[in-house]
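Only one structure is covered here, and it is reproduced in the block below.
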Amino acid sequence: MTVDLRGPSNPASSRLRSVLETGRAPREPARVLVSVPPGHALRLPDEAVDTWHVTSLVAAAGDAPDEEAVRLVDAALEQWRGEPFAEFAGERWARDEVARLEAMRTAAVELRAAAALRLGRVAEALPALEEHTR
């Protein structure tokens, strides 16, 4: 995933690059903090940011066979702790992201329950569904 960091190039970007890419040789092209007009972009694997990682796990679960879907959703839900962006609850930008993440969590719980039910694991699916409906 790429995050756009707009702004002019400055010495701080080379210092930040040295922290983010500790093994990069001086003239080797940057891979994490890259220069792109009109500024910089931060390129990280999905696993580097928890929300990206959870999103990719849930997306993969949607196309996976039931056994794999259960495993992927379990891995995604294990990452979930507390309310997303709780410290920024009053910020407008956070509200949309919190709503998106909450909807994704709901979809993940339902996806997992459906896969578990198709696998005949009724006793495993019911507690999550009961909690979900509350």
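The values are calculated or read from the model by the stated rules, or taken from the named source; none is laboratory data. Just so you know, these numbers come straight off a predicted model, no measurement behind them. For the accessible areas, the whole protein counts, side chains as well, though only heavy atoms, and no ligand, DNA or RNA atoms are used. Shrake-Rupley method; radii C 1.70, N 1.55, O 1.52, S 1.80 Å.
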Using the Karplus curve 6.51 cos²θ - 1.76 cosθ + 1.60 with θ = phi - 60°, work out ³J(HN,Hα) for each residue of segment 77-82 in order, rounded to whole Hz, and write x for Gly and Pro. 5, 5, 6, 7, 9, x
On a 0 to 90° scale, report how tilted helix 92-118 is relative to the longest principal axis of the chain, with both axes built from alpha carbons and the result rounded to the nearest 10. 40
Using the Karplus equation 6.51 cos²θ - 1.76 cosθ + 1.60 (θ = phi - 60°), what ³J(HN,Hα) coupling, rounded to whole Hz, does each residue of segment 30-40 give in order, writing x for Gly and Pro? 5, 10, 9, 9, 10, 7, 9, x, x, x, 9
Can you tell me the 0 to 90 degree angle between the C-alpha axis of helix 11-20 and the longest principal axis of the chain, rounded to 10? 40
Could you tell me what percent of the accessible area of the chain is made up of carbon and sulfur, with a 1.4 Å probe and every protein chain present? 56
Label selected from (i) 26, 20, 12; (ii) 38, 18, 11; (iii) 46, 13, 11, the criterion being semi-axes √(5λ) of the Cα gyration tensor in Å as computed here: (ii)
For a quick check: with amide H placed at 1.01 Å from N, whose amide H comes under 5 Å from Gly39's, ignoring anything fewer than 5 positions away on the same chain? Gly7
Subtracting the Cα-Cα distance of Glu68 and Glu131 from 0.36 nm times their residue separation yields 20.4 nm
Rounded to the nearest whole Å², what accessible area per residue is found for the chain with the 1.4 Å probe? 66
Round to the nearest 10 and give me the degree value, 0 to 90, for the angle of helix 50-62's Cα axis relative to the longest principal axis of the chain. 50
